[in-house]
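Asker: Just dropping this structure here.
The values are calculated or read from the model by the stated rules, or taken from the named source; none is laboratory data. Since the structure is predicted, the reported quantities are computational estimates derived from the model, not experimental observations. Cβ placement follows ideal geometry from the backbone for every residue including glycine, while neighbour counts extend to all protein chains displayed.
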Amino acid sequence: MASLKPFERPARRTIPKRPRKPHRLAMLEESRVTIRLGGERVPVRVRSGGEGSPLLLIHGLMTSSYSWRYLAQPLIEAGYRIVVPDLPGAGRTPSCGVPCDAANLTRAIAEIAKATGTYGEAVIGNSMGGYLAMRLALEEPASIRALVNLHSPGLPLRRLRVLRAALSLPAARAALHAAIRLDPEGWVWRNVHYRDESLKSLEELTEYASPLRTHAGREAFISWLRDGLDPDVMDQSFRAFSALAEFPVPLQLIYAEEDPMVPPRVGQALAKAIPSAEMHWLSKSSHFAHIDTPEAFLGLALPFLQRVSSS
């Protein structure tokens, strides 16, 4: 594959079947837990493995437990029992059963934690998973021992207001349904961004496109976009974070210095609003630092988690 500029997508026809960088995600066992969400029973796919301190890994929008593929082995070797769910409306948990808004998704994380024995343990959340975990820590401090937030959204950006307004129109929702249904893998290829785009594979596109092949899965994805990223709710959360003298649990913020998905200024704003948080920046990385630069990410996250567990 020809050398690519940062965040430059390769031609889709050149994407390899398997990742050029091997992973050990298959070492994890798969199971299902059933949670109650808004009166509905939702079966959730969970991958888990290892022994030792429990650690819950929460993925973000349009990804799944697969996004943690490069952290599974090193975290287990570091002495953790990792639990990696597909949140409702993502991966092999294709339906929420209720609107996939921030309140329901936050509740889902709490219910998954209870069902998997990770309630009150450490959490790493990426992207929207980090935002939801911060909300959970605010609502139920006892639910999380320590939180690593990897490049989450958290500000009511103008682009989110435009997105919500557009997806409030039935015609826009129908058009998005049609576009995704036509080519689910292509939708993933265009909308998941790495600094090193050569890390993409057909295996990944297939995994992330899985819920987008059904009407219910596309509805859940659109609800994540419209309701989960509701800028008014995000503004309320940010104001609540800003009003705290100290965040309810030990918090580490890790952001990349450049990213086309979540502007780095979101991290700057969160760090300013939450001075008790430990803030770190990664160069030559991305929104998905656990894929682009997993060693650099773990070099920051593991010492933080170890300090918290020993205190």
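Asker: So, restricting to helices (runs of 4 or more DSSP H) that lie completely within region 198-260, which ones have at least 1 residues that are modelled with pLDDT under 95?
Answerer: Correct list: 215-223.
Asker: Here are some residues: 158, 81, 145, 164. Which one is of a type in the set (Lys, Arg), touching a residue at least 40 places away in the same chain (Cβ under 8 Å) and over 20 Å from residue 280 (Cα atoms)?
Answerer: None of the others qualify; the one that does is 164.
Asker: In the set 87, 105, 57, which member is under 28 Å from residue 239 (Cα atoms) and in a strand (DSSP E or B)?
Answerer: After ruling out the rest, the residue left standing is 57.
Asker: Can you tell me which residue within region 25-65, out of those that are more than 16 Å from residue 92 (Cα to Cα) and charged (D, E, K, R), is modelled with the lowest pLDDT?
Answerer: Ranking the candidates gives 40 first.
Asker: Being β-branched (Val, Ile, Thr) and outside any strand (DSSP E or B): is that true of residue 112 here?
Answerer: yes
Asker: From the list 256, 301, 271, 289, pick out the single residue that is surrounded by 16 or more Cβ atoms within 10 Å (Cβ to Cβ) and free of Cβ contacts under 8 Å to residues at least 40 places away in the same chain.
Answerer: Result of the check over 256, 301, 271, 289: 271.
Asker: Return the residues of region 123-167 that are in a strand (DSSP E or B), surrounded by fewer than 24 Cβ atoms within 10 Å (Cβ to Cβ) and not charged (D, E, K, R); say none if nothing qualifies.
Answerer: Across region 123-167, the qualifying residue is only 146.
Asker: Given the conditions (1) within 20 Å of the chain's Cα centre (by Cα); (2) farther than 23 Å from residue 180 by Cβ; (3) of a type in the set (S, T, N, Q), and given that residue 34 satisfies all but one, which numbered condition is not satisfied?
Answerer: Among (1) within 20 Å of the chain's Cα centre (by Cα); (2) farther than 23 Å from residue 180 by Cβ; (3) of a type in the set (S, T, N, Q), residue 34 violates only (1).
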